[in-house]
Amino acid sequence: AQSVTQPDIHITVSEGASLELRCNYSYGATPYLFWYVQSPGQGLQLLLKYFSGDTLVQGIKGFEAEFKRSQSSFNLRKPSVHWSDAAEYFCAVGGPGTDKLIFGTGTRLQVFP
Amino acid sequence: DAGVIQSPRHEVTEMGQEVTLRCKPISGHDYLFWYRQTMMRGLELLIYFNNNVPIDDSGMPEDRFSAKMPNASFSTLKIQPSEPRDSAVYFCASSIGIPHEQYFGPGTRLTVT
């Protein structure tokens, strides 16, 4: 069955520190992978996506993610976090043969000054 | 492009009343999705359409929920009668083709008292 696991419910980092948010997926074929960000009171905004090719993908706001097939992971990273990055982050998986995206439960990021 | 538009942004109603949520997808997008987000259950897919036709409504919680898409630029989600447990944020998202890079609206926060 298709699924997405975000093991960290809540992460706290200091401004300027590096960040890595974990995402593990289960999908029978080559997955399409997404990271979305949701600021308080807002809808979900697409940060980046992976369909094929280079396994390191760059997104908006200085984020990047790396697809590791052997680990079934698609972790999100940022070298230096800004206070405005505080939000909830969702990983999602889809792929050929399915119209739907499966979303993880989200990771809430808190940034301390 | 204006993005996905949802109305109203906030709705407060009394139990037993009918509630209608509205969505205008991005022009040219052929998929439309309705989601519900709560603290307890996270992000849930309720129903989605392709070319105005409902494809999968297995996420609709009860017969009290119904959704329509009379044309490519408009969809409604109706709850009749509403109950307090329907209180949530309802999101509409649209996408074009596969793979599904979904674009979300700002959501409608529904409170049923």
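The values are calculated or read from the model by the stated rules, or taken from the named source; none is laboratory data. Note that the coordinates shown come from a computational prediction; the quantities given were computed from them, not determined experimentally. Positions of Cβ are backbone-derived with ideal geometry, glycine not excepted, and every protein chain shown enters the neighbour counts.
Miscellaneous remarks
- Evaluating A:Asp99 against the criteria (1) in a loop (DSSP other than H, G, I, E, B); (2) modelled with pLDDT of 95 or more; (3) within 26 Å of B:Phe33 (Cβ to Cβ) leaves one unmet condition, (2).
- Residue satisfying all of: in the range B:92-113; in a strand (DSSP E or B) and within 11 Å of another protein chain (Cβ to nearest Cβ); farthest from B:Thr38 (Cα to Cα) among these: B:Ser95
- Single residue of the range A:103-113 satisfying the filter (over 24 Å from B:Ile55 (Cβ atoms) and not aromatic (Phe, Trp, Tyr)) that is farthest from the other protein chains (Cβ to nearest Cβ): A:Pro113
- B:Ser58 meets each of the listed conditions (1) in a strand (DSSP E or B); (2) within 12 Å of chain A (Cβ to nearest Cβ); (3) without any contact (Cβ under 8 Å) to a residue 24 or more places away in the chain apart from (1).
- Filtered residue count, the range A:77-102, keeping only those that are surrounded by fewer than 23 Cβ atoms within 10 Å (Cβ to Cβ) and either in contact with a Leu (Cβ under 8 Å, 6 or more places away or on another chain) or more than 26 Å from B:Asn50 (Cβ to Cβ) (or both): 13
- Meets criteria (facing chain B (nearest Cβ under 10 Å), polar (S, T, N, Q) and in contact (Cβ under 8 Å) with a residue 12 or more places away in the chain) for A:Ser80: no
- In summary, B:Val89 fulfils each of the numbered conditions (1) aliphatic (A, V, I, L, M); (2) within 13 Å of chain A (Cβ to nearest Cβ); (3) part of a loop (DSSP other than H, G, I, E, B); (4) touching a strand residue (DSSP E or B) at 6+ places or on another chain (Cβ under 7 Å) with the single exception of condition (3).
Conditions tested, residue by residue: (1) aromatic (Phe, Trp, Tyr); (2) within 10 Å of chain B (Cβ to nearest Cβ).
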{"residue": "A:Arg22", "(1), (2)": "no, no"}
{"residue": "A:Tyr27", "(1), (2)": "yes, no"}
{"residue": "A:Thr30", "(1), (2)": "no, no"}
{"residue": "A:Tyr36", "(1), (2)": "yes, yes"}
{"residue": "A:Gln42", "(1), (2)": "no, yes"}
{"residue": "A:Leu46", "(1), (2)": "no, yes"}
{"residue": "A:Gly53", "(1), (2)": "no, no"}
{"residue": "A:Gly62", "(1), (2)": "no, no"}
{"residue": "A:Ala65", "(1), (2)": "no, no"}
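- Residues satisfying the stated conditions in the range B:15-55, i.e. outside any strand (DSSP E or B) and within 12 Å of another protein chain (Cβ to nearest Cβ): B:Asp30, B:Met39, B:Met40, B:Arg41, B:Asn51
- Restricting the range B:61-77 to residues that are closer than 18 Å to B:Gly3 by Cα and without any contact (Cβ under 8 Å) to a residue 40 or more places away in the chain leaves a set whose member that is surrounded by the fewest Cβ atoms within 10 Å (Cβ to Cβ) is B:Asn71.
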